[in-house]
Amino acid sequence: MANGTKAKPSYVYAIIGISLVLFLLGTLGWLVINGRTLSRAFKEDLQVTVILHDNTRDEMTKKLQTVLSQQPFVKSATIETKEDAAKKFFAEGGEDFTELLDFNPLYSSILLNLHSEYVNKDSLERVKQFIMQSNIVREVDYSKQVVDNLNANFRRIGIILGSISLVLFIVVVILIDNTVRLAMFSNRFLIKTMQMVGATRQFISRPFDKRAALNGVISGAISVAGLWIVISFAEAQLPALKALHAPALLVILMLGMLVMGVIISVVSTHRSVVKYLKMHVDDLY
């Protein structure tokens with residue numbers, strides 16, 4: 001009874017400790033998910049302008065739009081007429097060419113937004129070559145500098161976050177392992193006593209493993225709840241974050257936190273039980 005009573009505070013501390021480190025890892029995971037979503041949003045916001053030859057008939061323009069919309073690399077395709085192009089030109093501060101010219105020198109075009117995986121130098125070049133096969137296309141234009149900068153910056157950010165995640169994961173495993181082993185330290189005499197009265201290793205370890213699994217679930221649930229509170233608070237303060245919301249990835253992250261808490265807790269507990277079973281009684285003091 002004394003040993004059981006003594007062990008309870010250790011379990012509480014273990015649950016709190018595991019919850020904190022899982023929460024830190026989950027928060028970083030959320031930042032990584034947001035980074036990927038933000039990268040995809042920026043890439044898909046980049047427009048590829050398909051400039052058409054002057055006097056292209058409307059039905060030919062719509063036909064090309066339909067063909068492009070059906071391509072796997074196209075997210076959306078919008079027609080911009082000569083009149084629309086002029087309005088945009090004036091809105092962006094361009095000079096009123098109607099004062100010098102009696103015609104609109106701009107061209108009709110189709111504005112494409114591509115799926116993020118196609119927004120890179122090689123893929124865009126292949127897309128350009130494909131579109132240029134149409135005899136009504138005058139030019140395919142996009143900002144190569146913006147594409148290069150986007151990919152370079154997000155690649156750099158990805159490497160940094162990936163490195164931090166790996167280091168933090170290793171730290172989390174070590175911290176949880178040490179926390180569980182410290183909690184099991186108070187049960188060392190109980191474990192050895194059960195062995196001395198003839199209990200098998202499996203019989204001794206089973207209740208501790210079950211308790212460890214329960215502790216892992218509780219710790220994981222606490223860390224998930226904490227992460228959800230942080231996400232809700234952050235999105236309430238910065239509504240723009242809601243646009244980055246990725247429910248499927250968040251569910252995977254939170255399930256991963258639960259599973260990690262259980263696995264590391266059970267493995268560390270079982271290792272501690274086996275360790276104390278192998279130790280001589282005098283070494284327990």
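Taken together, the values in this text are just the output of simple stated rules run on the coordinates, not laboratory data. Being a predicted model, the structure only gives us computed values, none of them experimental. Because the Cβ atoms are built from the backbone with ideal geometry, glycine has one as well, and the counts that use them run over all protein chains shown.
Okay, helix-only estimate at 222 nm for the chain: each DSSP H run of n ≥ 4 adds -39500 (n - 2.57), divide by all residues, round to 500 deg cm²/dmol; what do you get?
Details: 8 runs with 197 residues, N = 285.
It lands at -24500 deg cm²/dmol.
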Roughly how tilted is helix 144-185, in degrees to the nearest 10 and between 0 and 90, from the longest Cα axis of the chain?
10
When the charge dipole of the chain is computed with +1 on Lys and Arg Cβ and -1 on Asp and Glu Cβ about the Cα centre, the Cα farthest towards its positive end, among 233, 170, 129, belongs to 170
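Quick one: putting +1 on the C-beta of Lys and Arg, -1 on the C-beta of Asp and Glu, what dipole do you get for the chain around its Cα centre, in Debye to the nearest 20? Intermediate results must be reported in sequence, preceding the final value.
Working: 30 positive and 24 negative charges, 505 e Å.
That gives the chain a dipole magnitude of about 2420 debye.
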Mean-square fluctuation check for the chain, GNM, Cα pairs under 10 Å: which of 268, 205, 134 is largest?
134
Distance in nm between pseudo-label sites at residue 149 and residue 245 (7 Å out along the Cβ direction from Cα):
3.1
Which residue fluctuates most in the GNM of the chain (Cα springs below 10 Å): 108, 19, 223?
108
Using only Cα atoms, tell me the angle between helix 82-91 and the longest principal axis of the chain; keep it within 0 to 90° and round to the nearest 10.
70
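With charges only on Cβ, +1 for K and R and -1 for D and E, what is the dipole size of the range 128-285 about its Cα centre, in debye, rounded to 20? Walk me through the intermediate numbers first.
Values: 16 positive and 8 negative charges, 94 e Å.
Computed charge dipole of the range 128-285: roughly 460 debye.
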Helix axis angle, 121-131 relative to the chain longest principal axis, alpha carbon, degrees
40
